[in-house]
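Data first, discussion second: the structure below is written as structure tokens.
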Amino acid sequence: MKYQLKISITIILIATLSTNIFARTPIEGKDYVFITNKPHQKFKDVIADFFVYGCKQCEQVRQVLLDLQTKDPKKYKYVRYPALIPFEIVKDQYIYNPRFIASAKVHYLAESLGVSEKVRETLKPVKLKYFDQLTSDGGLFKFFTNFNINQSQFNTHIHSFRLEVKMKQAENFSDIYLTKSKPPIVGVPQIIVNGKYRTSFKMVNGDLSQFEEVINYLIEKR
């Protein structure tokens, strides 16, 4: 009986050890991919999160990355970028999904108007199709009135140089790390570590513990 018990304990320990070893050693091509493009300067030494509002998984990985940053701000430098995903390609020109464009505008307008956290909390339960009503200036203004933004404040930012630059930046970064990947990336969230590695919620099969393991591994790997 004691001999059988010892064998059972040994088997359990071996299985546990094997699981832990696997968890600490993510597999390239499965849990993450190496990005062959030269890293953009803004992506060096940071964890960049491509997201869209109306995405439950984006909120989940955001919380994991924020928790890591809180634990060690120097090690985990976390930044977010709105993703722009092509709706179609016409004559080699990308036509971006209007919902993603609206989400990006909301993000940058909220920053300029000082209501980022209120906007994020408001949009947490919505679906992506919600942004169909935010594809026009009128729709965007109506949305921001929920945060006591008046017409004058809105007009100051909706056609500002800052918004133009930020939207162009979102387009450029999405092109580099999503659209021009082979094959193109059409889903979010997508996480870029040090401009060299990409992982995602889908690549870890929705396992947030495994996601954190992969992030830690890639941080050390850089």
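When the Cα positions of 140, 32, 78 are compared along the charge dipole of the chain, 32 comes out farthest toward the positive end, with charges on each C-beta of Lys, Arg, Asp and Glu. With coordinates expressed along the principal axes, the C-alpha atoms belonging to region 78-189 extend over 44, 30, 29 Å, beginning with the largest. Note on residue 146/residue 45: beta-carbon distance plugged into 1/(1 + (r/R0)^6) with R0 of 30 Å gives a FRET efficiency of 0.25. Measuring between alpha carbons in the structure, the pairs from 71/168; 74/124; 56/105; 44/129; 118/180; 44/124 lying more than 24 angstrom apart are 71/168; 74/124; 44/129; 118/180; 44/124.
Kindly identify region 138-177 as rounded, prolate or oblate by the Cα gyration tensor criterion: order the square roots of the eigenvalues as a ≥ b ≥ c, call it rounded if a/c is under 1.5, otherwise compare a/b with b/c, prolate if a/b is larger, else oblate. Don't skip to the end; give the middle numbers.
Numbers: a/c = 3.87, a/b = 2.24, b/c = 1.73.
It comes out prolate by the Cα gyration axes.
From the largest down, region 92-146 spans 38, 23, 19 angstrom on the principal axes of its Cα atoms.
Calculated mean residue ellipticity, 222 nm, the chain: -15500 deg cm²/dmol, from DSSP H runs (n ≥ 4) at -39500 (n - 2.57) each, averaged per residue and rounded to 500.
Extension gain for residue 207 to residue 70 (0.36 nm times residue separation, less C-alpha to C-alpha distance): 47.2 nm.
Multiplying each eigenvalue of the alpha-carbon gyration tensor of region 51-136 by 5 and taking the square root yields semi-axes of 26, 16, 12 Å, largest first, rounded to whole angstroms.
How long are the semi-axes of the ellipsoid equivalent to region 160-222, from square roots of 5 times the Cα gyration tensor eigenvalues, in whole Å, largest first? Show your work: numbers first, answer last.
Numbers: eigenvalues 130, 36, 26 Å².
They are 26, 13, 12 Å, listed largest first.
Computed about the Cα centre, the dipole magnitude for the chain is approximately 380 debye when only Lys and Arg (+1) and Asp and Glu (-1) carry charge, each at its Cβ. Report the percentage of all Cα-Cα pairs in the chain whose separation exceeds 21 Å, rounded to a whole percent. For the chain, the share of Cα pairs beyond 21 Å comes to 60 percent.
The numbers here are math on the coordinates, done by the rules we state, and not lab data. None of the values given here were measured: they were computed from a predicted structure. Reconstructed Cβ throughout: ideal geometry from the backbone, glycine too, with neighbour counts over all protein chains shown.
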